[in-house]
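Structure, as structure tokens:
What follows draws every value from the coordinates through simple rules; no lab data is involved. Bear in mind that the values here come from a model prediction, so they are computed numbers and not experimental data. With ideal geometry, Cβ positions are generated from the backbone for all residues, glycine too; neighbour counts draw on all protein chains shown.
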Amino acid sequence: MVLLRHVHVALSAAVAALGSALFIALNYFYQRRVWAPQREYCTIREEEEECVRRQVLVLGLDGAGKSSVLQGLSRPTRPTRGFNFISLRVPHCQIDFLEIGGGEDLRGYWSEYLGRTHILVFIVDSSDWTRLPVAKSELHRLLKAGPQLPVVVLANKQDKAGAATISELNEALSLGRVSEERKLFLLAAQFNSDPAPKNSTQGLETFQDLLLQLV
Ligand SMILES: Nc1nc2c(ncn2[C@@H]2O[C@H](COP(=O)(O)OP(=O)(O)OP(=O)(O)O)[C@@H](O)[C@H]2O)c(=O)[nH]1
Ligand SMILES: [Mg+2]
């Protein structure tokens, strides 16, 4: 009888411990995956103190889709004289996205922002074959100016007919030339505002997950 009671107590304790571990794990997993703009996730004071601020610089030629990507991550943004800015709160971190317009007149200023940046997102219009050489030289100029910076190259507009594939872009942008030391990622994406299912946004989750790992 006494032995049975001991077994019962031990089993209950084991179930309780397993339940708590599961609860903590689920909570942690849920928090890590959360990405919702305009909400405060650092609600616990201790966590608030740990919050860090990270800047993601979003560049790419004019029309590549920078604003569309920011809109995909958040709500529509207001362009301010060639600049777009959104701020997202995720657990332990506030991520500031700064887009600078891609017109020729603004490209000269891009590198001035690298010093304050933690991650560079370079967006390419995969269907714009004629301007891929320009995108390539701008990208390599930035890589040279920010030798330590992790870089995510977003191969946007994959929905468009004749869009370059990932391997074609790897070649066209000479990414093989980039040092192996550099954290460099090339991701396929489409951020079309057209609501038709075949045109809808793709690659958003992978992009978000990658950013969460890099910040
Ligand atoms: N088909 C298609 N169109 C896209 C996609 N992403 C953006 N666009 C369209 O491309 C055009 C330019 O997009 P923007 O987001 O304004 O480009 P941007 O890089 O911010 O351009 P600048 O601010 O001028 O440097 C818009 O008409 C978008 O709707 C995509 O993935 N697929
Ligand atoms: Mg824009």
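Structure values in brief
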read-out	value
The range 113-215 shape via C-alpha gyration tensor axes, a/c threshold 1.5	oblate
Charge context of Ser174, other residues only, Cβ under 14 angstrom, K/R +1, D/E -1	+2
